[in-house]
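To keep things clear, I will list the structure first and then write my remarks on it.
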Amino acid sequence: MELNSDYVKKVLKEKGYKFTNQRSEIYNVFLKHRGSHLSTEEVFEYVSKENPEIGIATVYRTLQLFEELDVLYKISFDDGVARYEIKANDATHRHHHLICLDCGKVLEVKLDLLDSLEEEIESEEGFKIVDHNLKFYGYCKECYKKYKGEIN
C-alpha cells in the first residue's frame, strides 16, 4: 500500500482512533518532507502555515500517537531534540544515519549489512531482534574538506 492519507486513516481506524483533519494535515507534512527528520517544532511550523488553528500541543500528541501506531519513527541524534520520520509500511528496519559533528547534517545510509549479524546474534544468544538503529558520527564531505589538513 502506498503511503498517503488513506494509509494513516486505515491505521487509525484499525486501532480505534478517529481520523481527524488535524491528524491528516500533520501526516501530510511528513509526506511532503519525506526523507526529512523533523522536530515537533518544525512540524508545527509547517502545519501552522496551512492551518494556524492547530496548536503545538495537538502536534505533540499526534506525533506521540503516530509513533505508538508505528506510522512514524522517533529518532534521537544525541542533541536533545526528538525528531520524527515517516515509516514505510513495508520497512522491517530503520535505516542508518551519518551525523556530521561539525555542521550537524544528517544523511541516510541505504546500505544495510547487519542482517547476517542479526541472524548470528539470534542463533547464538536466543534473542529475537525486531529492529536496530545505527548512527555513524564523523564529517560530511564539505566539512571534511574544510578540516582535511587537521583530520588524519
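What the table shows:
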| item | result |
| --- | --- |
| Check: the stretch 96-147 dipole with +1 on Lys, Arg Cβ and -1 on Asp, Glu Cβ, in debye | 720 |
| Environment charge at PRO52 (Cβ cut-off 12 Å; Lys +1, Arg +1, Asp -1, Glu -1) | -3 |
| Potential lengthening between PHE77 and LYS13 on full extension [0.36 nm per residue; Cα-Cα distance subtracted] | 19.9 nm |
| Global geometry of the stretch 5-86, whether rounded, prolate or oblate, following the gyration tensor of its Cα atoms and the 1.5 cut on a/c | oblate |
| Rough spin-label spacing in nm, given labels placed 7 Å along Cα→Cβ, for ALA88 and GLU41 | 3.1 |
| Shape of the stretch 60-143, Cα gyration tensor, a/c cut at 1.5 | oblate |
| Separation of alpha-carbon centers, the stretch 54-82 and the stretch 97-136, rounded to whole Å | 21 |
| Under 30 Å from LYS18, Cα to Cα: lysines that are on another chain or at least 8 residues apart | LYS9, LYS10, LYS32, LYS49, LYS74, LYS87 |
| Most to least packed among 35-46, 12-23 [average Cβ atoms within 10 Å] | 35-46, 12-23 |
| Pair ASP112, HIS95: separation of 7 Å Cα→Cβ label points (nm) | 1.1 |
| Rounded to 10°, Cα long-axis angle of helix 40-50 versus longest principal axis of the chain | 40 |
| Net charge dipole size for the chain [Lys, Arg +1 and Asp, Glu -1 on Cβ; Debye, nearest 20] | 700 |
| Nearest-20 debye value, the stretch 5-86 charge dipole, Cβ charges on Lys, Arg, Asp, Glu | 400 |
| Gyration tensor (alpha-carbon) shape descriptor, the chain, a/c threshold 1.5 | oblate |
| Dipole axis of the stretch 5-86 (+1 Lys, Arg; -1 Asp, Glu on Cβ), positive-most option in VAL59, SER76, HIS37 | VAL59 |
| The stretch 5-86, relative contact order in percent, only Cα pairs under 8 angstrom and at least six apart counted | 31 |
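Coordinate-derived values only; no laboratory data. All values reported here derive from a predicted model rather than from experimental measurement. Note: ideal-geometry Cβ built from the backbone for every residue, glycine included; neighbour counts use all protein chains shown.
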